[in-house]
Amino acid sequence: MITFQEDDEDEIQFSRLIIILFGRIEELETTLEASIEPVEGTPLFLDDSRAQHYTVSGYAYGQLSVATGCIAALKQMMVREDEETVHLVASPFGAYALVRNALDAAATALWLLEPVNGTLRIKRRLLLGVDEARKTALFRQTLEQPSLKAARLTRLQEVARLAGLEHWDPLREKLPSMTQMLRALERWHSGRVVLPWLAAWQLASGHAHGKLWAQLASNEMKEIQETRTEIGAQFQMAIRYGMLATLLKEAVQLTTTAGARYLELANGQTQIRP
């Protein structure tokens, strides 16, 4: 792969913003680690008491860990530092897939936690459990292994009854798609919005699936010398730090918003600012 030394001042500034965003995620990880277990009497503690084997806090914390972990992995992939300098090195491929994963997990966490009513949070947790059971069954079917779906779905119905939801069947409701979740969550989007969360996820998803439209919309095309002909030329694709910083900023904001909501419900106070 051909590499380029970036000399555009705007791109250099965007690379510095990316470093700052990585730092925000590290701070969030540290803060969340202190609140893995909800404080007694808090909304999440009460939710978990009602659905002990399918806890709201456990699933939400797990999704937040996925989101922060993906961004931490992106930092490990990109950052090169020694005692004196910090450099960013990035391929046009791969980075956006991690951003997309972070957006996906953070949106799931915020969607699960956003209801004011604990009963609604428990219902959403059980809907996620149904989705997990069905997708696990499809995977096992591919491997030609026995399906455990029926037993798991029956157990989820039992958990609903034990949680006081005897008149509600989690198998009769449908988990919203990520597109639907992100549209509904946009009201949580604060500050100056450059890209709606849904648009950021769509663009990052295009990259994750290798779509040409996403690559052309995001990356820089550098013409390779002495390749031009009457009908065109060959180009080397390079990442644009400005676009990566834009999508990463949205992923970090969505993750910190979900993290703030988790902390509010788990210990009664918001310790971070989205």
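Numbers for the structure displayed
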quantity	calculated
Dipole magnitude of the chain about its Cα centre (Cβ charges: Lys, Arg +1; Asp, Glu -1), debye to nearest 20	1520 debye
Efficiency of FRET between VAL116 and GLN180 - r from beta-carbon atoms, R0 25 angstrom, step 0.05	0.80
29 Å Cα-Cα reach of LYS75 towards lysines, excluding residues that sit fewer than 8 places from it in its own chain	LYS211, LYS222, LYS249
Unit charges at the beta carbon, dipole of the chain: most positive-side option, PRO115, VAL99, ILE71	PRO115
Charge dipole of the chain about the Cα centre (unit charges at C-beta), most positive-ward option of ALA163, LEU88, PHE45	ALA163
For the range 188-249 versus the range 1-78, the gap between their alpha-carbon centres in whole angstrom	23 Å
Entry for Kirkwood radius over Cα pairs in Å (calculated from the structure that is shown) out of (1) 19.2; (2) 19.9; (3) 20.6	(3)
Label-point separation in nm, GLU158 to ASP8, each point 7 Å along Cα→Cβ	5.9 nm
Angle between the chain longest axis and helix 95-113 axis [Cα atoms, degrees, rounded to 10]	20 degrees
Loop-resident sites, the range 185-274, for trypsin sites (Lys or Arg not before Pro), counting at most 12 other Cβ within 10 Å (DSSP)	ARG192, ARG228
Among VAL159, VAL66, VAL194, residue whose mean-square fluctuation peaks in a GNM of the chain (springs only between Cα atoms under 10 Å)	VAL194
In the range 7-96, the chymotrypsin sites (Phe, Trp or Tyr not before Pro) that fall in loop regions by DSSP, at most 16 other Cβ within 10 Å	PHE93
GLU223-SER190 FRET efficiency (beta carbon distance; Förster radius 35 Å; 0.05 resolution)	0.30
Cα lying deepest toward the dipole's positive end in the chain, options ASN267, GLY232, ALA184, charges on Cβ	ALA184
Relative contact order %, the range 24-267, counting alpha carbon pairs below 8 Å whose residues are six or more apart	29 percent
For the range 99-219, fraction of C-alpha pairs farther apart than 27 Å, in %	34 percent
Radius of gyration and maximum dimension Dmax of the range 28-160, Cα, Å	18.6, 59
Taking the range 1-106 and dividing mean pair separation by its residue count, relative contact order in percent (alpha carbons under 8 Å, at least six apart)	23 percent
GNM result for the chain, Cα springs below 10 Å: residue of THR256, THR227, THR154 fluctuating most strongly	THR227
Förster radius 30 Å - calculated FRET efficiency between PHE235 and ALA73 (Cβ-Cβ, nearest 0.05)	0.55
Folded to 0 to 90 degrees: helix 149-162 orientation relative to the chain principal axis, Cα	60 degrees
Protection proxy ranking of 106-113, 140-147, 23-30, 160-167 - average other beta-carbon atoms within 10 Å, highest first	106-113, 23-30, 160-167, 140-147
Cα extents of the range 189-274 along the three principal axes, largest first (Å)	66, 20, 18
Stretchable slack from GLU264 to ALA151, in nm (0.36 nm times residue separation minus alpha-carbon distance)	37.2 nm
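Each value in this text was obtained by applying a stated rule to the coordinates, not by laboratory testing. What you are looking at is a predicted structure, and each value in this text was computed from that prediction instead of being measured. Neighbour counts are summed over all protein chains in view; Cβ atoms, including those assigned to glycine, are modelled from backbone coordinates with ideal geometry.
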